[in-house]
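Before any comments, here is the structure.
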Amino acid sequence: MPSLRQIRYFLTVADLGGFTPAARQLFIAQPALSRQIAQLEEEIGFTLFRREARGVRLTAAGEQFRSRVVDLEKSLMTAVEESRQLERGESGVLRLMHSSSVPVDRLMPAIRRFAETAPRARIDLDRLSSEQQISEIAAGKADLGIIRLPVLRRDPAVRLEELPAERLWAALPESHRLAGRPSLTLADLADEPFVAAVHRERGGLARRVADLCLARGFVPRLALAISRKTSMLTLVANGFGIAIVPAGMIPLGGRSVSFVSLSDDDATAGSALVTPLDRTPLAQRFIDLLLASESAW
């Protein structure tokens, strides 16, 4: 197989039309250059140049060969640079997932900073449940997930890093009798219909809320319409019931939803980063930016 050095020598001779000027430009002795070209011709099995009195001229095969390799060194250097950028977390595609109770608005400061510091990179953003995120990452289909704890199933192929817990708030219709209170306890909500329900195979926010209610001796009563997504706030706004949400979801409520803080000491919800055991440079870059963003956490 021809070496890159031989290709460079060949192109220089072809461009300058002779061994003498090429040897001068390449800073090598002319006999050494001639030997390299001869070795290249032997390697590829055809003649590249016709030797003439005033220099050399490419054969038809040499012209064809030149047309195919003329950008080879440039392509190789481009490949090296692109790979270096990928290794430094400056290019490539970051496959990022988040739970519905971790709104994408909370991630925007880190996403904007990521776009500024790695303009050659791209984020592929998707919203999935916590358990689905773990499965996707374990299967190598995603680079980073931001899940809501608790999760019912874990996988040895993924790594979890817990984020600071958030305070929980009661989301009430604006006309609700409790909407004007400065604060509430979870026990105050024992008789209220909840617009979110626990999925039997998943953890997340709904399970955290159910666990907190069970610890106070009641099971959340389901409203006539329920949702496990951020659309639960639309149900609250339309008077179907109440919801317990982390502070990060408050901006999604709109004017028809009143938020009241919960005073219970344990009224918090945790979240976590999920990555493969070996994080990609792009994932680590985003994580560093996310953790540095005071507005997010």
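The values are calculated or read from the model by the stated rules, or taken from the named source; none is laboratory data. All values derive from a computational prediction rather than experimental measurement. Cβ: placed from backbone, ideal geometry, glycine included. Neighbour counts: every protein chain shown. With ligands, DNA and RNA removed, areas are computed over all heavy atoms of the protein, side chains included. Shrake-Rupley method; radii C 1.70, N 1.55, O 1.52, S 1.80 Å.
Of note:
- Pair list, Cβ under 6 Å, 6 or more apart: the range 252-272 residue aromatic (Phe, Trp, Tyr), other residue assigned to a strand (DSSP E or B) and crowded, with 20+ Cβ neighbours inside 10 Å: PHE259/TRP169; PHE259/ALA171
- Checked against (1) surrounded by 14 or more Cβ atoms within 10 Å (Cβ to Cβ); (2) at pLDDT 95 or above, ASN238 meets all criteria but (1).
- Members of the range 13-27 that are without any contact (Cβ under 8 Å) to a residue 40 or more places away in the chain and either touching a Lys or Arg at 6+ places or on another chain (Cβ under 7 Å) or surrounded by fewer than 17 Cβ atoms within 10 Å (Cβ to Cβ) (or both): ASP15, THR20, PRO21, ARG24, GLN25, PHE27
- Residues within the range 45-74 that are open to solvent by less than 40 Å² (accessible area, probe 1.4 Å) and either part of a helix (DSSP H, G or I) or more than 17 Å from MET1 (Cα to Cα) (or both), tallied: 8
- Residues that are assigned to a helix (DSSP H, G or I) and of a type in the set (S, T, N, Q) were ranked within the range 1-44; the one that is nearest to LEU72 (Cα to Cα) is GLN6.
- When the range 164-178 is filtered for residues that are open to solvent by less than 20 Å² (accessible area, probe 1.4 Å) and either part of a loop (DSSP other than H, G, I, E, B) or of a type in the set (D, E, K, R) (or both), the ones remaining, listed by number, are GLU166, LEU178.
- The range 219-238 - residue that is outside any helix (DSSP H, G or I) and touching a helix residue (DSSP H, G or I) at 6+ places or on another chain (Cβ under 8 Å) and, of those, nearest to VAL151 (Cα to Cα): ARG228
- Among residues of the range 143-189, those that are of a type in the set (Asp, Glu), more than 30 Å from THR280 (Cβ to Cβ) and free of Cβ contacts under 8 Å to residues at least 60 places away in the same chain, counted: 1
- Boolean, VAL260 is modelled with pLDDT of 95 or more and either aromatic (Phe, Trp, Tyr) or part of a strand (DSSP E or B) (or both): yes
- The single residue among ARG154, ARG159, ARG228 that is modelled with pLDDT under 95 and more than 22 Å from ASP266 (Cα to Cα) turns out to be ARG154.
- Checking each residue of the range 200-223 against the condition of being open to solvent by less than 50 Å² (accessible area, probe 1.4 Å), touching a Gly at 6+ places or on another chain (Cβ under 9 Å) and modelled with pLDDT under 95 gives no match.
- Note on the range 114-163: among residues that are among the acidic types (Asp, Glu) and outside any helix (DSSP H, G or I), the one that is most open to solvent (accessible area, probe 1.4 Å) is GLU162.
- Search result, residues across the range 253-269 that are of a type outside the set (A, V, I, L, M, F, W, C), in contact with a strand residue (DSSP E or B) (Cβ under 7 Å, 6 or more places away or on another chain) and over 19 Å from LYS229 (Cβ atoms): SER258, SER261, SER263, THR268
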